[in-house]
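The block underneath contains the structure these notes are about, expressed in structure tokens.
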Amino acid sequence: MLLTSLASTFRRLRSEERGAGMAAVVGLMAVSLLTTSVVATSVVTATEYTTVTRAGVESQAAAEAGIAVARAGLLNGTCVSNSNSYASAANTVPEYVATIWIPSGSAWVRGCPTGTATQVRILSTGYAEREGALGSDGRDESHLEVILSSISVPSTIEATGPAIYAYNSQGFGGGGKLVTIGGSDASILIREGDVNCTGGASGDADIVVNNGNLTVSGGCVITGNAYASGRITLPGGPDIGGNAIANALTMNGGSEVGGSVWVNQDVTLSGGVKIGGNVTAATMSFSSGGEIGGNVQTTGAVTFNGGGGPLIKGNLTAASFTTGNGGTVEKNAWIYGATSVNWGAVIKGNLTTKTFSKPGGSNKDFVKGTLTLVPGGPTASPYATNPARPAWPIVPDWINFDYDPADWSGFAVATISSSGSCSFTQVKNAVASFAGQNGIVNGLGCVGGISIGGSDIVTLNQDVAIFSPKYNFSGGGGFTASQTRKLWLITPDTVAETPTTPTCITGESSFSVSGGFTFSSNLRVMMYTPCKVVLSSSTKFTGQVFSGKAGIDGGAVLTYTAVGLPGYNLDTGLTTTVATSEADRTIVSFRNLEDGN
């Protein structure tokens, strides 16, 4: 019984243990199945993530390639020929479409820039070579936007140009005076026409008549050099303090040239005239006294006419030499052809010539040094040492300067207008509105121009440019400043033609400064007009004039210092604005967008 009971108990225990093991096995299998499911899900998710990431990298790189190709197209100038669109070739990698956009109001439109003054937008869509797996296509395309900068190069304002530029000589003259400060080399440039200077050129200045004759008479005293493409005539009285450079020269009645003379044709002298330096010419005729302080060098004949004793203090080189009664060459003479002297004529040095004739007496009566005859004609003269003719000054073409605020970098703009003349108060208030900033007063809407007179004084605390169709400054009015400032008074030339010439629409008398109108000495003033500037009645200012015509009358005084105009070199007439190109653009923004081309 005992054994039977133990066996039964043992069998029961084994049965119970077998049930517990089965449960453990089932549990373990469930855990394994769950782990397998998790691992499988993780693998699928990782695969999906990897392909999406790869697609995103590829599409982004493709979009950036499109940006680069479009930028290259702008640089190479192919935007128009490509219809502002650049796409990769079919079945190539990377794959992209890039388009170019330009501003239109506050929006962007497809197009090609015509310059660098506005921004440019490039929109590029790039496509992945291998798309994301299992329908995950969110990164299969990338959309990039790049904004390229505009290029704004401010016009420079170079202090260049002559004291007075007048395109046309008509009406040039008067009794004014031109002086300089700070060692400036003042010039009066007349582009076209003959000049009869009866005044207005008195002072430290050169005068250049680019295409005409120059007559210096009355109160016109030129202390600098005088240039004329035609003939310079000094009829008696006035002087040229410097050199005379012209096609020909006539001097009478005690006139003087303080420097040397260079002409292409003849020099004709009479009546006790005086030239301080050398004479270089084709021919020279000298009568009735007077003297030349240096050498005379001609390619043609030199003639002493009549009595009065003309005097050459230096050496003489000429093709032939003929004297009347009297006349002296203090040094040597070298004559390639014939020399013919009369009583009273003397060469104090040596004479070398092809032939020599005299009225009588001995050779020593006429040639104090050695007389050398060369039957075949002398070789090159050792006395032909005059300096070369000075270079002709540049007289620029007319500059058409119109109203464009973009020319004036850093200048604020205030606009005034009137159906009649704009008043002192309007100008004063416009200037005050700048609050110390440089500014432009746009008075082109002042139909009658700007009038200031009486005791009205405009005070400038900054540089100011005033544009107006007309100016009438008179009486006790004026402009003043607390420190050195610049003032531009401009009547714009609105007609652009080739070749450039001044077009005066508002009338020749549209720019008048008279009656004691004042400019403080610390103001630097530029007066520009295609019409005529008339400075009269003791007007005094420091600066320069660039005009169609000009006159300095009635004791007016212009103290020259260059002010200039923005964007131009007034010495040469050339523009100074720096040219820009597509290569100068920079990236303003670079970002991804949700949508693209």
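The values are calculated or read from the model by the stated rules, or taken from the named source; none is laboratory data. Not measured: the values here are computed from a predicted model. Cβ atoms come from the backbone with ideal geometry, glycine included; neighbour counts cover every protein chain shown. Note: accessible area is taken over every heavy atom of the protein model, side chains too, but ligands, DNA and RNA are not part of it. Shrake-Rupley method; radii C 1.70, N 1.55, O 1.52, S 1.80 Å.
Condition (residue is in contact with a strand residue (DSSP E or B) (Cβ under 7 Å, 6 or more places away or on another chain), touching a residue at least 40 places away in the same chain (Cβ under 8 Å), surrounded by fewer than 17 Cβ atoms within 10 Å (Cβ to Cβ) and of a type outside the set (D, E, K, R)) applied to the range 322-341: is it met by at least one residue? Yes, the range 322-341 contains a residue that is in contact with a strand residue (DSSP E or B) (Cβ under 7 Å, 6 or more places away or on another chain), touching a residue at least 40 places away in the same chain (Cβ under 8 Å), surrounded by fewer than 17 Cβ atoms within 10 Å (Cβ to Cβ) and of a type outside the set (D, E, K, R). Is it the case, given these coordinates, that Ser124 is of a type in the set (Gly, Ala, Ser) and within 30 Å of Arg54 (Cβ to Cβ)? So Ser124 fits the description; yes. The single condition from (1) at pLDDT 90 or above; (2) open to solvent by 10 Å² or more (accessible area, probe 1.4 Å); (3) farther than 14 Å from Lys486 by Cα; (4) of a type in the set (Gly, Ala, Ser) that Ala583 fails is (1).
From Asp456, Asp493, Asp463, which residue is acidic (Asp, Glu) and closer than 21 Å to Ala550 by Cα?
Details: Asp456 fails: closer than 21 Å to Ala550 by Cα; Asp463 fails: closer than 21 Å to Ala550 by Cα.
After applying the criteria, what remains is Asp493.
For the range 551-570, does any single residue satisfy the condition of being under 18 Å from Ser169 (Cβ atoms), crowded, with 17+ Cβ neighbours inside 10 Å and not hydrophobic (A, V, I, L, M, F, W, C)? Taking every residue of the range 551-570 in turn, at least one turns out to be under 18 Å from Ser169 (Cβ atoms), crowded, with 17+ Cβ neighbours inside 10 Å and not hydrophobic (A, V, I, L, M, F, W, C). For Trp334, the conditions (1) more than 56 Å from the chain's Cα centre (by Cα); (2) closer than 16 Å to Thr303 by Cα are fulfilled apart from (1). Whenever a residue of the range 218-247 is more than 16 Å from Ala205 (Cβ to Cβ) and open to solvent by 10 Å² or more (accessible area, probe 1.4 Å), its partners that are modelled with pLDDT under 95 and part of a strand (DSSP E or B), lying with C-beta atoms within less than 6 angstrom and at least six residues away or across chains, give the pairs Thr233/Thr215.
Report, by residue number, each residue of the range 102-130 that is polar (S, T, N, Q), in a strand (DSSP E or B), farther than 21 Å from Gly77 by Cβ and over 32 Å from the mean Cα position of the chain (by Cα).
Here is the first cut: in the range 102-130, the ones polar (S, T, N, Q) are 104, 106, 114, 116, 118-119, 124-125.
Pick out the ones that are also in a strand (DSSP E or B) and you get 104, 124-125.
Checking the rest, the ones that are also farther than 21 Å from Gly77 by Cβ come to 104, 125.
Selection gives Thr125 alone.
Applying the set (1) modelled with pLDDT of 90 or more; (2) at positive phi to Gly555 leaves exactly one unmet item: (1). Taken over the range 259-284, the residue count meeting the criterion of being surrounded by fewer than 22 Cβ atoms within 10 Å (Cβ to Cβ) and touching an Asp or Glu at 6+ places or on another chain (Cβ under 7 Å) is 3.
Would you confirm whether or not the range 433-446 contains a residue that is more than 18 Å from Arg485 (Cα to Cα), exposed (fewer than 15 other Cβ atoms within 10 Å of the Cβ) and in contact (Cβ under 8 Å) with a residue 12 or more places away in the chain?
Quick first cut of the range 433-446, residues more than 18 Å from Arg485 (Cα to Cα) only: 442-446.
When the remaining residues are screened for being exposed (fewer than 15 other Cβ atoms within 10 Å of the Cβ), the result is 445.
Cutting the leftovers down to in contact (Cβ under 8 Å) with a residue 12 or more places away in the chain gives us 445.
Yes, because at least one residue in the range 433-446 is more than 18 Å from Arg485 (Cα to Cα), exposed (fewer than 15 other Cβ atoms within 10 Å of the Cβ) and in contact (Cβ under 8 Å) with a residue 12 or more places away in the chain.
When the residues of the range 141-156 are filtered to those that are open to solvent by 30 Å² or more (accessible area, probe 1.4 Å) and farther than 17 Å from Ile587 by Cβ, the one that is modelled with the lowest pLDDT is Pro154. Residues that are open to solvent by less than 40 Å² (accessible area, probe 1.4 Å) and touching a residue at least 40 places away in the same chain (Cβ under 8 Å) within the range 362-389 comprise Gly377, Pro378, Ser381, Asn386, listed in sequence order.
Answer with yes or no whether Gly132 is buried (at least 18 other Cβ atoms within 10 Å of the Cβ) and at pLDDT below 90. It would help to see each step written out before you state the result.
Values: buried (at least 18 other Cβ atoms within 10 Å of the Cβ): yes; at pLDDT below 90: yes.
Yes, satisfied.
Taking the numbered list (1) farther than 22 Å from Trp398 by Cα; (2) without any contact (Cβ under 8 Å) to a residue 60 or more places away in the chain; (3) open to solvent by 50 Å² or more (accessible area, probe 1.4 Å) in turn, Lys486 passes all entries but (2).
Within the range 73-101, the residues that satisfy the criterion of being farther than 27 Å from Arg130 by Cα, open to solvent by 40 Å² or more (accessible area, probe 1.4 Å) and outside any loop (DSSP other than H, G, I, E, B) are Leu75, Asn76, Trp101. The residues of the range 521-539 that are modelled with pLDDT of 90 or more and surrounded by fewer than 20 Cβ atoms within 10 Å (Cβ to Cβ), listed by number, are Ser521, Asn522.
On the given criteria, is Gly314 open to solvent by 20 Å² or more (accessible area, probe 1.4 Å) and part of a loop (DSSP other than H, G, I, E, B)? Steps first, please.
Details: open to solvent by 20 Å² or more (accessible area, probe 1.4 Å): no; part of a loop (DSSP other than H, G, I, E, B): yes.
No: the conditions fail for Gly314.
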